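Below is one structure, written out as structure tokens; comments come after it.
The values are calculated or read from the model by the stated rules, or taken from the named source; none is laboratory data. Remember, it's a predicted structure, so these values are computed and weren't measured experimentally. Heads up, the Cβs are rebuilt from the backbone with ideal geometry, glycines too, and the neighbour counts pull from every protein chain shown. Note: accessible area is taken over every heavy atom of the protein model, side chains too, but ligands, DNA and RNA are not part of it. Shrake-Rupley method; radii C 1.70, N 1.55, O 1.52, S 1.80 Å.
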Amino acid sequence: MDRYITIKLIRSELIYDINLSAYAVGETIRGEDDDRSLVMDICDDGKADKTTQTLNKAWGELLNDMTGYTKIETDEDMDVDNTFVSPEEYTARLCVPDSFSKLNVEAVKNAMHAYLVNEALAGWFAVTKKDEVAYYENKALMELAKVKRFLNVRVKPVRIKMYPF
């Protein structure tokens, strides 16, 4: 028997974490204040739209990687366009076994959050601080692996008796 869980990631919380990390990286830059400011200003003015575009792309990739678990209803018409969307929250409905633990739900949520934050930072640093890109891309891949691992933790290991009779 399966059950459904819903995971909501609030965009403002993601932006807050992205901002904190970018600020910390900017603080480590020695030299020109303009260079520091460029790295730190990830969520200011129109730059927040770039961050949102990266979040939207990463969210789509994350859902695609979890295709076996996602239950997203579709309408008959599947028309799409490239209109900029700035959602307030990212929501995934996942189908998991009844034995799925609440702790695993939290772990999946946290890993999904970290994946999106690291993807957004990698996208931003690709423009502003190229020496940080590989680090954040690697962290994002590690978080994606955690999401998959936590989703695959289903039940206790089955012990086979030595003498079945």
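Where only protein heavy atoms count, and the probe is 1.4 Å, what is the accessible area per residue for the range 48-151 in Å²?
57 Å²
Given the peptides 118-128, 86-96, 49-59, arrange them by the average over their residues of other C-beta atoms within 10 Å, most packed first.
118-128, 49-59, 86-96
Using the basic label-point model (7 angstrom from Cα toward the beta carbon), what is the residue 99 to residue 130 distance in nanometres?
5.0 nm
Simple spin-label model, 7 Å along Cα-to-Cβ: residue 17 to residue 91 in nm?
Once both label points are built, they end up 2.0 nm from each other.
Hey, what do the phi angles of the range 101-107 turn into as Karplus ³J(HN,Hα) couplings, whole Hz, using 6.51/-1.76/1.60 and θ = phi - 60°, x for Gly and Pro?
7, 4, 4, 5, 4, 4, 5
Taking 0.36 nm per intervening residue step and subtracting the Cα-Cα distance, what contour gain separates residue 153 from residue 28 on full extension?
41.1 nm
Treating only the Cβ atoms of Lys and Arg (+1) and Asp and Glu (-1) as charged, compute the dipole magnitude of the range 1-132 about its Cα centre; round to the nearest 20 debye.
The dipole magnitude comes to about 520 debye.
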